[in-house]
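A quick write-up on the structure given underneath.
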Amino acid sequence: METFNNQDLENIINYFDLEVINKIDIDNTLLIYNYLLENGIYYANDILLGYIDLFFYHYQTFKKKFNKLVKYLGNNYLDKLENDIGLFELMHQF
Amino acid sequence: MTSNDIEIVKKICLKYNYKFEDIPKWVLNHFSPKRIEDILSIEKLKTDRFKYLFTSNIWNANPSDIEQILDLDCWNNPKFLSLLTPNIWRASLQKVKEIISLNDWNDSKFSSLLTPNIWRCEVSQVKQILKLEVWDNPKFKPLLTSNIWRNNLNNVVEILELPYWQDDVYDNLLKPSIWKVTPSKVKKILALECLKDKKYKTLITPSIWNADPSEIDKILNIKQLKDPKFKNILSPNIWLLKYNQIKQILELPYWTEEKYKSLLTSNIWNKNAEEITNILSLPYWKEDQYKTLLTPTIWSSNYQEIVNILTLDVWNKPPFKDTLTSSIWNSNYQNVIDIISLPYWQDEKFTSLLSPVIWNSNPQKIKEILSMDIWNDNRFISLLTPTILCKTKSQIESLIIIAEKLDIDKYLTTSYLAKTPSHIYAINFFLNERHIPSVIDGKLHIFYNCSNATLKNKYKIDINNLIKLYPIPENFESEKKYGNI
C-alpha cells in the first residue's frame with residue numbers, strides 16, 4: 001500500500017483549486033480512501049490525486065457507485081481499472 | 001487649546017494642504033500648534049514611499065523621532081519593511097534603533113517575528129524572548145510568530161517551561177494560538193487527569209484552548225458520548241461548544257431514528273441545537289426523494305439556504321434532475337442559481353458535466369473553463385467530464401500544450417488529465433529512450449493511463465525518480481501552440 005508523501009501533497013495543492021481543496025470533507029475522504037484500499041484499489045492515492053471530485057460523494061453513495069462500476073466492468077474489473085484509471089470517471093454516470 | 005490656537009492650527013493646516021477636520025480632537029486638546037506644525041511639515045511623510053504612515057497614530061510620536069526614523073537606512077533592506085507600518089509610531093527612535101540593530105535578525109528562524117506587533121514590546125523583553133534556548137529545538141519553531149509579542153515575557157517563559165512539552169502527545173498544541181491563552185489556563189487544561197487517557201489523544205489540539213477547563217471532564221463524561229452510535233462525533237471541534245450546548249445536541253430526539261444517524265459526525269459541532277432542530281424538522285426528509293440529501297455535509301449549510309435550494313423548481317426535470325445530492329450543501333443558493341443559469345447547459349456537449357460535483361465549483365470558474373476554445377476541437381471533446389471542473393484553466397492548458405508538443409494530442413483520455421505535465425513528459429521521455437511508441441493501435445500507451453502506484457508495483461517504474469531523471473525543460477510549456485488558449 002502506498003502512503004501519502006510530500007510530493008503527493010504538493011500535487012494536490014498545485015493541481016486543484018484552493019476552493020476545491022477547502023471543500024474536502026476529511027472524514028468522508030478517509031472512509032472512501034480506506035474503502036478503495038480494502039477493495040483492491042492499492043493506488044487509492046492516485047485516485048485521490050487525479051479524481052478528487054469522486055471523493056465529494058458521500059461515502060455510502062460512493063460505495064453504491066463503485067459497486068455499479070464493478071458490475072459494469074465485469075469479472076476482471078481490477079485489471080481494467082489498474083490499466084486505465086480514467087474508468088473511475090464512469091462512476092459519475094451511475 | 002484656546003480659540004486663538006485653533007485659528008493658528010487652521011492656518012497651519014491651510015499652509016500644508018491638510019484638512020483641519022482630520023486632526024483628532026484629542027490632538028487639539030493635548031498638543032501645541034507648533035507641535036502640530038512640526039509633524040505636518042515633515043516632507044518625507046508627503047512622499048509616495050511614506051505617506052501611508054500618516055495615520056492618527058502619528059500624533060503621539062515625537063516630530064524629531066519621526067524624521068529620524070524615516071531616515072534610517074534599514075528601510076532599504078526588504079526584511080525590515082514589514083516593520084514600517086503606522087504602528088511604528090508607538091515606538092521611540094531609540095527603541096526602533098535598538099530593535100533593528102539586534103543581531104538575531106540575521107538568524108532566519110526569527111524572520112517571521114519581524115512584524116509591527118513588535119512595537120508593543122519593550123526592547124528588553126524582545127531581547128530576552130529571542131535569547132530563549134527553546135528556539136534551538138525545532139518543535140518550538142511553529143511558536144515563532146508575531147502573536148508572541150502580544151504576551152509579556154513572564155507568560156511566554158511560563159508556557160515554554162511547562163514540563164508537558166517533553167511528551168510528544170502535546171506537540172500538536174505547540175501552535176501560535178497558544179499565545180492567546182494565559183499560562184494558568186494552559187496549566188489547568190493540561191493537568192486534567194481525563195485528558196491523559198490515550199483514547200482522547202486526538203482531542204488534544206489547539207481547539208482545546210476554547211474550552212473552559214472546569215467543563216472538559218464533564219463533557220468527556222456525558223453518557224451519550226460513550227454510546228457507540230456517537231463514536232464518530234468526538235472530535236476537537238467539540239471544544240467550540242459549552243457543556244450545556246453539547247448536552248442539548250446529544251439529547252435531541254432525532255438520533256434514535258435510522259435516517260438521521262449518519263448525521264452524527266464531528267462537523268455537527270458547527271451548529272447549535274436550535275439550528276439542528278430547524279433543519280431536521282423540515283418536511284422534505286419524510287420524502288424518499290430527499291433522503292439521500294441527509295448527510296453530514298448538510299451541517300455546512302444553514303436552514304434558510306436549505307429551504308431556498310430545495311424549493312427551486314429544477315430538480316424534477318432534465319438536465320438538473322440527477323444533480324441534487326448532498327454535495328449541494330457545499331454550495332449556497334446564489335451559487336446554485338448562478339450555475340443553473342449558465343448558457344452552457346443548452347449545449348448537449350456540456351450536459352455530461354452536470355453531475356453533483358458541479359456544486360463544488362462556482363459560475364466564474366465554470367465559465368472560465370467552458371469558454372476555452374479547445375472544446376470546439378474534436379481532439380479534446382472526450383476530456384469533457386465532471387473532473388475537468390476541479391482543475392484550473394492553466395493546468396488544462398499546460399496538459400494540452402504538452403500533448404501537442406509530444407504529438408499525442410489526438411489520443412487523449414480523461415486519465416491523461418489525472419497526470420501532471422512533469423509526469424507526462426517523464427513517461428514520454430522514458431518510452432522514447434526505449435524506442436517504445438507512445439501510441440499503440442490508436443491508443444495512448446498504458447503508462448499514460450495507469451496509476452503511479454501501478455507503474456511502480458507492476459512495471460517497476462518509480463515515476464518520482466523518472467521525473468528527476470527527465471525533468472521537464474523550463475521553457476517547455478511557455479511556447480504556446482494551441483490557438484487562443
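Listing for the model above:
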| read-out | value |
| --- | --- |
| Subset of region A:70-94 (residues that are touching a helix residue (DSSP H, G or I) at 6+ places or on another chain (Cβ under 9 Å) and more than 14 Å from every other protein chain (Cβ to nearest Cβ)) | A:70, A:71, A:72, A:73, A:74, A:77 |
| Residue count for region B:273-316, restricted to those that are under 25 Å from residue B:207 (Cβ atoms) and either loosely packed, with under 13 Cβ neighbours inside 10 Å or free of Cβ contacts under 8 Å to residues at least 12 places away in the same chain (or both) | 1 |
| Matching residues, region B:290-330, being facing another protein chain (nearest Cβ under 9 Å) and among the polar types (S, T, N, Q) | B:292, B:295, B:297, B:300, B:325, B:326, B:327, B:330 |
| Criterion (of a type in the set (Gly, Ala, Ser), surrounded by fewer than 19 Cβ atoms within 10 Å (Cβ to Cβ) and modelled with pLDDT of 90 or more) met by exactly one of B:394, B:371, B:382 | B:371 |
| Looking only at region B:395-431, and only at residues there that are hydrophobic (A, V, I, L, M, F, W, C), within 14 Å of chain A (Cβ to nearest Cβ) and not in a helix (DSSP H, G or I), the one that is farthest from residue A:89 (Cα to Cα) | B:412 |
| Single residue of region B:337-372 satisfying the filter (aliphatic (A, V, I, L, M) and part of a helix (DSSP H, G or I)) that is nearest to the other protein chains (Cβ to nearest Cβ) | B:357 |
| Candidate set: region B:168-201, residues that are farther than 19 Å from residue B:152 by Cβ and within 22 Å of the chain's Cα centre (by Cα); chosen: the one surrounded by the most Cβ atoms within 10 Å (Cβ to Cβ) | B:173 |
| Filter result for the condition that a residue is under 29 Å from the mean Cα position of the chain (by Cα), closer than 30 Å to residue B:54 by Cβ and crowded, with 16+ Cβ neighbours inside 10 Å, over B:135, B:89, B:165, B:105 | B:105 |
| Considering residues of region A:45-69 that are surrounded by fewer than 22 Cβ atoms within 10 Å (Cβ to Cβ) and among the aliphatic types (A, V, I, L, M) only, the residue farthest from the other protein chains (Cβ to nearest Cβ) | A:69 |
| Unique residue being modelled with pLDDT under 85 and either hydroxyl-bearing (Ser, Thr, Tyr) or farther than 21 Å from residue B:416 by Cβ (or both) when the list is A:67, A:6, A:39 | A:6 |
| Residues being of a type in the set (A, V, I, L, M, F, W, C) and assigned to a helix (DSSP H, G or I) - total across region B:432-454 | 3 |
| Filter result for the condition that a residue is in a helix (DSSP H, G or I) and at pLDDT 95 or above, over B:328, B:268, B:309 | B:309 |
| Unmet requirement for residue A:45, which otherwise passes all of (1) closer than 18 Å to residue B:449 by Cβ; (2) free of Cβ contacts under 8 Å to residues at least 40 places away in the same chain | (2) |
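The values are calculated or read from the model by the stated rules, or taken from the named source; none is laboratory data. The structure displayed is predicted, hence computed values, not measured ones. Backbone-built Cβ (ideal geometry, glycine too); neighbour counts: all protein chains shown.
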